[in-house]
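Trainee: Following this message is one structure expressed as structure tokens.
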Amino acid sequence: MSIYVIDDHPLVRQALAMLLRRIKPSAKVVELEKYSELKPALIKHGEPELFVLDLLLPGVRGASGIHEVKSMYPDVPLIVVSAMPSGEARDACLEAGADMYLEKSTDSAEISQVFQDMLGLSSPDDDGEIPVGEVKLSKRQKQLILMLDRGLSNRDIAAELNISEHTVKVHLWRLFRRIGVKSRTQTLHYARSHGLLMS
């Protein structure tokens with residue numbers, strides 16, 4: 001299993017790779033300058049456990065690289081780390097299949113936390129699990145569903161739980177994967193059809 005970091009800016013690529021090696025010393029972190037190097041690298045270095053890539057890469061139009069990677073490895077987490085501000089760029093990346101969008105200006109401690117969460121190295125939400133149909137949800141995941149039903153934004157949820165917005169995004173990502181959905185709307189539909197919400 002390898003972690004693939006694709007960024008044409010050497011300093012950024014090396015900094016992200018160094019952070020990943022510090023978080024998971026046993027990991028094989030493969031640094032690539034161009035998206036076109038990915039397929040040969042996958043053959044050489046083996047199955048991926050995480051992709052970290054820049055949005056603006058030479059020879060790649062928009063979010064097409066993200067879409068292609070996720071079509072090959074739909075279950076492998078993919079994080080976009082971009083110099084472009086959140087907004088339309090983030091929405092386009094998430095629509096293409098990215099699991100997380102981080103700005104390069106994000107504090108390194110927050111980036112580190114997201115990496116740990118995506119690699120499954122952080123502590124679980126909590127120790128209590130609630131069976132819902134064929135899946136089990138943590139108490140935190142059940143709490144998130146109720147907050148989504150109240151129409152709270154990520155910022156509102158972060159303030160109420162006293163955690164960062166990035167942590168909220170990771171919790172939502174885990175929830176979506178657990179119940180097999182891709183959006184808040186699908187989550188609420190799932191919750192209603194499984195009796196998690198009153199209405």
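Trainee: What is the order of Phe176, Phe115, fewest Cβ neighbours within 10 Å to most?
Mentor: Result, fewest neighbours first: Phe176, Phe115.
Trainee: Determine the gain in length on full extension of the stretch Ala83-Glu47; use 0.36 nm per residue of separation and subtract their C-alpha separation, reporting nm with one decimal. Before the final figure, lay out the partial values.
Mentor: On the way: separation 36, 0.36 × 36 = 12.96 nm, distance 2.76 nm.
Contour length minus Cα-Cα distance gives 10.2 nm.
Trainee: Can you put Asp7, Asp75, Asp91 in order of Cβ neighbours within 10 angstrom, beginning with the fewest? Mind dumping the intermediate values first?
Mentor: On the way: Asp7 25, Asp75 6, Asp91 12.
The fewest-first ordering by Cβ neighbours comes to Asp75, Asp91, Asp7.
Trainee: Using the Kirkwood radius over C-alpha pairs as Rh, can you work out the diffusion coefficient of the stretch 129-193 via Stokes-Einstein at 10 °C, viscosity 1.306 mPa s, in µm² per second?
Mentor: My calculation gives 134 µm²/s for D.
Trainee: Largest first, please: the extent of the C-alpha atoms of the chain along each principal axis, to the nearest Å.
Mentor: 51, 35, 31
Trainee: Let me ask another. Given charges of +1 on the Cβ of Lys and Arg and -1 on the Cβ of Asp and Glu, with all other atoms neutral, how large is the dipole of the stretch 2-118 about its Cα centre, in debye to the nearest 20? It would help to have the intermediate numbers written out before the result.
Mentor: Working: 12 positive and 18 negative charges, 88 e Å.
It works out to roughly 420 debye.
Trainee: Counting only pairs 8 or more places apart or on different chains, how many lysine pairs in the stretch 1-146 have C-alpha atoms closer than 27 Å?
Mentor: For the stretch 1-146, qualifying lysine pairs total 17.
Trainee: Once Lys and Arg get +1 and Asp and Glu get -1 on their Cβ, which of Ala63, Ala27, Leu38 lies farthest toward the positive end of the dipole of the stretch 1-108?
Mentor: So the residue furthest toward the plus end is Ala27.
Trainee: When the helices in the chain are scored as -39500 (n - 2.57) per DSSP H run of 4 or longer and the sum is shared across all residues, what 222 nm value do you end up with, to the nearest 500 deg cm²/dmol? Working shown, then result.
Mentor: On the way: 9 runs with 95 residues, N = 199.
Dividing the helical sum by the residues of the chain leaves -14500 deg cm²/dmol.
Trainee: When a/c is below 1.5 the answer is rounded, else prolate if a/b is larger than b/c, else oblate, so apply that to the stretch 2-118 with a ≥ b ≥ c taken from the square roots of the Cα gyration tensor eigenvalues. It would help to have the intermediate numbers written out before the result.
Mentor: On the way: a/c = 1.38, a/b = 1.06, b/c = 1.30.
Verdict is rounded for the stretch 2-118.
Trainee: Further question: Mind putting a number on the dipole of the chain about its Cα centre? Charges go on the C-beta only, +1 for Lys and Arg and -1 for Asp and Glu, and I need it in Debye to the nearest 20.
Mentor: Numbers: 25 positive and 27 negative charges, 64 e Å.
Once rounded to the nearest 20, the dipole reads 300 debye.
Trainee: Quick one: Lys39, Lys104, fewest Cβ neighbours within 10 Å first, how do they rank? The partial results should precede the final answer.
Mentor: Details: Lys39 11, Lys104 15.
Neighbour counts put them in this order, fewest first: Lys39, Lys104.
Trainee: Treating the beta-carbon of each Lys and Arg as +1 and of each Asp and Glu as -1, no other charges, what is the dipole magnitude of the stretch 129-193 about its Cα centre, to the nearest 20 debye? Write down the numbers at each step before the final one.
Mentor: Working: 13 positive and 6 negative charges, 33 e Å.
Taking the Cα centre of the stretch 129-193 as origin, the dipole is about 160 debye.
Trainee: Out of all DSSP beta bridges with both ends in the chain, state the antiparallel percent to the nearest 5. Present the calculation step by step, with values, prior to reporting the outcome.
Mentor: Values: 4 of 21 bridges.
If I count the DSSP bridges inside the chain, around 20 percent turn out antiparallel.
Read-outs throughout are calculated quantities, based only on the coordinates presented, and are distinct from any laboratory measurement. Only a predicted model underlies this, so the values are computations on that prediction, with no experimental measurement involved. Positions of Cβ are backbone-derived with ideal geometry, glycine not excepted, and every protein chain shown enters the neighbour counts.
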